[in-house]
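The values are calculated or read from the model by the stated rules, or taken from the named source; none is laboratory data. The model shown is predicted, which means the values in this text are computed figures rather than measured ones. Cβ: placed from backbone, ideal geometry, glycine included. Neighbour counts: every protein chain shown.
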Amino acid sequence: MKVSILESFLFMVISSFIGIMANPEILTASDSVTIMDLDSTKIVETVVIQPVAKVTEVTEVRTAPKAGSLVEPASRTTNHVQAPVATVDTANNVRFSWGAQSLFRATSTKTNSGNNIARVGRLIWGHNYTDFGNITRLKIGDTFILTENGIATTYRVAANPITRKAGIVLDVKNGTTLSYAGDARYDSIQINALTDMGFGGHSLVLLTCYGANSRYIVVADAI
């Protein structure tokens, strides 16, 4: 049978089409390259790592002040110098080495001092059953503090003008006058000699009961 050239050409085209359809991977491209005779156990994959900047986050920590505290948080603390607080004792009292006793101003030397110490002018007095009765223990040179209206004054025991000792016992004559029997010059000691003149010009006169009809007297000077 005689085959024409056209038939041969058509046969070749149809054969090629059938071959392509039966093997489609012939038309696909591949990025991979097959390398023959390469030892795969010595292949090392190179990975490029981009440097990353290390960022450290700083967190501000503020500690809250404790309740009632004046200290500010550490990040805001400033140095303050607190002025000293002056303490003023406004209580009126007399403070001896053995303790203190309240003091009040009286209008008359006939005022009962009770459990306290009363004062008229330069004279202060108290009952001998209170701590004030311990003035019999005072010696020349001993000191004590009298505080009135926040002002404290220190006094030192001085010699009395009669016996030149720390204390002296005087007798009560008529309630307003005292006397010293051993010296006629002091047979009649007026009360103003204690309240106004300080019993010889001293700053303060201390008086307490001493027996039924006697009084114990101590004089002192402000220092």
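No other residue among Asn134, Asn92, Asn79 is at pLDDT 95 or above, farther than 18 Å from Arg156 by Cα and not acidic (Asp, Glu) apart from Asn92. Taking (1) assigned to a strand (DSSP E or B); (2) in contact (Cβ under 8 Å) with a residue 40 or more places away in the chain in turn, Leu178 satisfies each apart from (2). His202 meets each of the listed conditions (1) under 20 Å from Asn128 (Cβ atoms); (2) surrounded by 19 or more Cβ atoms within 10 Å (Cβ to Cβ); (3) within 46 Å of the chain's Cα centre (by Cα) apart from (1).
Sort out which residues of the stretch 94-135 are surrounded by fewer than 14 Cβ atoms within 10 Å (Cβ to Cβ) and either among the polar types (S, T, N, Q) or under 20 Å from Ala166 (Cα atoms) (or both), and write them in order of number. Scanning the stretch 94-135 gives Ser97, Trp98, Gly99, Thr107, Ser108, Asn112, Asn115.
Checking Ile124, Ile162, Ile168, Ile135 one by one, the residue that is assigned to a loop (DSSP other than H, G, I, E, B) and either under 12 Å from Val219 (Cα atoms) or in contact (Cβ under 8 Å) with a residue 60 or more places away in the chain (or both) is Ile162 and no other. Candidates in the stretch 160-185 are the residues that are surrounded by fewer than 19 Cβ atoms within 10 Å (Cβ to Cβ) and under 16 Å from Arg137 (Cβ atoms); of these, the one that is farthest from the chain's Cα centre (by Cα) is Val169. Restricted to the stretch 190-210, and to residues there that are at pLDDT below 95 and in contact with a strand residue (DSSP E or B) (Cβ under 8 Å, 6 or more places away or on another chain), the residue that is farthest from Leu146 (Cα to Cα) is Gln190.
Close contacts from the stretch 205-223, counting a first residue that is over 19 Å from Val120 (Cβ atoms) and a second that is part of a strand (DSSP E or B), with Cβ to Cβ under 6 Å and a gap of 6+ residues or different chains, come to Tyr210/Val169; Tyr210/Tyr216; Asn213/Val172; Ser214/Val169; Ser214/Asp171; Ile223/Thr154; Ile223/Arg156.
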